[in-house]
Structures are given as C-alpha cells and as structure tokens.
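To start, the structure itself, in structure tokens.
The values are calculated or read from the model by the stated rules, or taken from the named source; none is laboratory data. Predicted, not measured: the structure shown is a model, and the values here were computed from it. Glycine also receives a Cβ, built like all others from the backbone with ideal geometry; neighbour counts cover every protein chain displayed. Accessible surface areas use protein heavy atoms only, side chains included; no ligands, DNA or RNA. Shrake-Rupley method; radii C 1.70, N 1.55, O 1.52, S 1.80 Å.
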Amino acid sequence: MFRACTQRLLSPLLGLLISLPGFAASSHQHHMPGMVMDATGMVMGGNSDQLPEDCQAISAEYEFTVLAGTRFAEPYAATAFGFDQHQWQVKPCSRITINFKNEDDVRHQWMLHGLPKYLYDRGMFHMEASGGFAQTGTFIVPSDNKTYLVHCDIAQHMEKGMKGQLIVGTGSGDLWSIPGVTADFQRERVSLDNGQKIGLLLSALLAALAGFITIKKFAKK
Ligand SMILES: [Cu+2]
C-alpha cells in the first residue's frame, strides 16, 4: 500500500522534473572537459588556462592558421593530402592556438599526440573540420624539449601525406616521412651500403659451403 502510494506520487514528480527546461537541456549536452562538437567538426582536449605542472607561467603565445587539402600534396611524390605547413616550432610552456581550415569536401583532422595525460585525455589535442569548414582550438605545451606527432587520423590520410610535427624547444628528433621535412616513403625503404652488400654475399657463400659439406658427408655414408 505504502509502495503503491509513493510510486503514484513519485512518477508525476519525476516527469515534471525531466520536463523542466533546465534539466532537459543539461542532459543533452556533452560534459567532457575541453570538448566542443557540432556539424562543422569538433575540438577535443582544448585547454587555454590550465598550466602543465612543470610550467610557472605561459612563456609565449602562438597562433597558426593551418590549411588542409589535396592541393598541398602536389609538391610531394606519393601523397594525396596535406597541410600547407608540416612543421611548427614553439617555445616550452607556450600557449598555441590553431585555426584549422579544411579546403576539401572530405573531413580532415589536426591531431597531436604525446601531451601529458593528467591534463589531456589520452594525451591528445584533437581537431576535426568537416568539408569546407574551420575549427579553432587552443592548448598549452609542457616545459620539455620534445617533438610531437601531428596527423590526420582518418584512414590512409597520414600515409598519404597528412603528417607533421610540432617542435617544442629544441625538440627530441625529427619524425620520419614528414612531407618536405624528412625522408619520404620511398627513401625510407632499406638501402644497403657496400659493406653490408659484401657481408651479405660472404654469409651466403658460407651458407652454401656449409650446405655442400653436409651433403657430401651424408652422401659418403
Ligand atoms: Cu585528412
């Protein structure tokens, strides 16, 4: 009796609560920090005010406009997509704003990896612009000299040229296959110097000799 009564009382109350405009609106919004998403694309891991633990203050401010599209692949062999620039350099503990403009019809991303995970979900700052749209996002880098991978994560886009690097301070060494910066896919393949060729030839001869001796031994028995 008591249960039935409370149920009869509670359900209209719940209905009223859910129908309140504030409650309904908040239940439909994304609450992931630093995430903005709509039909024009998204920004994930945006951070314009939280300092990394190893930084005392923002050392410098940068604003880069990054264009994405097929026309930026033209100067490079074996690429189909590209950014207008594939390398950016900034100071440690700086704040970086990226204006990402997609000139193609397909969507593209500017995804940066290796940021501290206590501050950025999965260590990423990630922007995606739908075809013909632009996105703006901001992040703050830590104090260490480090080279961060930037790429478009859509299938085959990185392999086809959408790869870059963000160098913080003096960096931690170039990444491979950055269009216009480091060796491309073809040159990345194994190329042997003369010493290695002679070594390979000698070991092949030795293997042949060993095989020959073994066969002779067995043949004698
Ligand atoms: Cu892409």
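Quick notes on this structure:
- Residues (aromatic (Phe, Trp, Tyr) and open to solvent by less than 10 Å² (accessible area, probe 1.4 Å)) located in the stretch 99-120: PHE100, TRP110, TYR120
- Tallying residues that are more than 12 Å from the ligand (Cβ to nearest atom) and buried (at least 18 other Cβ atoms within 10 Å of the Cβ) within the stretch 144-157 yields 3.
- Unique match (being modelled with pLDDT of 95 or more, outside any strand (DSSP E or B) and among the aliphatic types (A, V, I, L, M)) among ILE154, ILE178: ILE154
- When each of ALA57, ALA68, ALA78 is tested for being on the phi < 0 side of the Ramachandran plot and over 15 Å from the mean Cα position of the chain (by Cα), the lone residue that passes is ALA57.
- Subset of the stretch 82-109 (residues that are touching a Cys at 6+ places or on another chain (Cβ under 7 Å) and within 11 Å of the ligand (Cβ to nearest atom)): HIS108, GLN109
- Inter-residue pairs, beta-carbon under 6 Å, first under 20 Å from ALA60 (Cα atoms) and in the stretch 126-154, second among the acidic types (Asp, Glu) and more than 16 Å from the ligand (Cβ to nearest atom), 6+ apart: PRO142/ASP54; SER143/ASP54
- A count restricted to the stretch 80-98 and to residues that are part of a loop (DSSP other than H, G, I, E, B), closer than 19 Å to GLY180 by Cα and open to solvent by less than 30 Å² (accessible area, probe 1.4 Å) stands at 1.
- Selection of the stretch 68-79 for residues being open to solvent by less than 40 Å² (accessible area, probe 1.4 Å) and among the hydrophobic types (A, V, I, L, M, F, W, C) yields ALA68, PHE72, ALA73.
- Condition broken by ASP54, with the remaining ones in (1) more than 15 Å from the ligand (Cβ to nearest atom); (2) assigned to a loop (DSSP other than H, G, I, E, B); (3) surrounded by 19 or more Cβ atoms within 10 Å (Cβ to Cβ) satisfied: (3)
- Only residues that are more than 16 Å from the chain's Cα centre (by Cα), farther than 26 Å from ALA60 by Cα and open to solvent by 40 Å² or more (accessible area, probe 1.4 Å) were counted in the stretch 158-182, giving 1.
- Any hit, the stretch 130-138, residues being open to solvent by less than 50 Å² (accessible area, probe 1.4 Å), at pLDDT 95 or above and closer than 24 Å to SER172 by Cβ: yes
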